[in-house]
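Undergrad: I have a structure I would like to understand better, so I am pasting it below and will then ask my questions one at a time.
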Amino acid sequence: MEWPLGVAAVSLLVGVLMLVLVVKSHSGVQWTGIGVHGQSEAGVVTYSYQGQGYTLTDDSHKTYATPHRVTVWLSRSHPDDTSQAFLANGIARWTDFSIVAVWFLVAAGFVIGGLIHHRRFL
């Protein structure tokens, strides 16, 4: 039962490191930040936070001439800093989640598998 617990401990440690990495990354603001709604039109996003208007570029939607609603994630520590703002991106959000969750699932799998294997041979 020792080696599955060792693999689980290493996987848990890597999971914690990945969690820190995701939270500190630019896209981590999607998990820890403040979500506000804005309008994107022709590559420019306008949004307001606490009565103040802000703009930022939306390179992925430069060709969209009709305005559409987007979510902008702001840093909790500096919500007025547009350089730390992040446009909501479902793929980035689920990729970040997967990078973290897979390590915790591997750790849980080795703990459960080690316990089942250990009990089978008692």
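Undergrad: On full extension of the chain, what length is gained from THR55 through ALA9, given 0.36 nm per residue of separation minus the C-alpha to C-alpha distance?
TA: So the chain would gain 12.1 nm between THR55 and ALA9.
Undergrad: Stokes-Einstein D for region 53-120 at 25 °C, 0.890 mPa s, Kirkwood Rh over Cα pairs, in µm²/s?
TA: Rounded to a whole number, D works out at 155 µm²/s.
Undergrad: Take each of the peptides 87-100, 25-38, average the number of other beta-carbon atoms within 10 Å over its residues, and list them starting from the highest.
TA: 25-38, 87-100
Undergrad: What whole-number distance in Å separates the alpha-carbon centres of region 67-122 and region 30-47?
TA: Between the Cα centre of region 67-122 and that of region 30-47, the gap is 21 Å.
Undergrad: Need one word for region 23-66: rounded, prolate or oblate. Basis is the Cα gyration tensor (sqrt eigenvalues a ≥ b ≥ c); a/c below 1.5 gives rounded, then a/b vs b/c decides.
TA: oblate
Undergrad: Here's a follow-up. Using alpha-carbon pairs under 8 Å, 6+ residues apart, how would you state the relative contact order of region 12-122 in percent?
TA: Once divided by the residue count of region 12-122, the mean separation gives 28 percent.
Undergrad: Multiply the residue separation of GLN39 and ASP80 by 0.36 nm, subtract the distance between their alpha-carbon atoms, and state the gained length in nm to one decimal.
TA: Extending this stretch completely gives an extra 13.0 nm.
Undergrad: Could you report region 1-81's accessible area per residue, 1.4 Å probe, as an integer in Å²?
TA: 63
Undergrad: Considering the options VAL23, LEU105, GLY33, tell which one lies farthest towards the positive end of the dipole of the chain, charges being +1 on Lys and Arg and -1 on Asp and Glu at the Cβ, about the Cα centre.
TA: Going by the Cα projections, it comes out as LEU105.
Undergrad: How many nm separate the modelled label positions at SER48 and ALA101, each set 7 Å beyond the Cα in the direction of the Cβ?
TA: 3.6
Undergrad: Using only alpha carbon pairs under 8 Å that are at least six residues apart, calculate the relative contact order of region 37-85 and give it in whole percent.
TA: 37
Undergrad: Then there is this: Find, to one decimal place in angstroms, the Kirkwood hydrodynamic radius of the chain, where the mean of 1/r is taken over every pair of different Cα atoms and then inverted.
TA: 16.8
Undergrad: Compute the acute angle (0 to 90°) between the alpha-carbon long axis of helix 2-24 and the principal axis of greatest extent of the alpha-carbon atoms of the chain; round to the nearest 10°.
TA: For 2-24 against the chain, the angle is about 10 degrees.
The values are calculated or read from the model by the stated rules, or taken from the named source; none is laboratory data. Keep in mind the model is a prediction, meaning the values are calculated, not measured. When we count neighbours, we look across all protein chains shown, and the Cβ atoms used for this are built from the backbone with ideal geometry, even at glycine. Note: accessible area is taken over every heavy atom of the protein model, side chains too, but ligands, DNA and RNA are not part of it. Shrake-Rupley method; radii C 1.70, N 1.55, O 1.52, S 1.80 Å.
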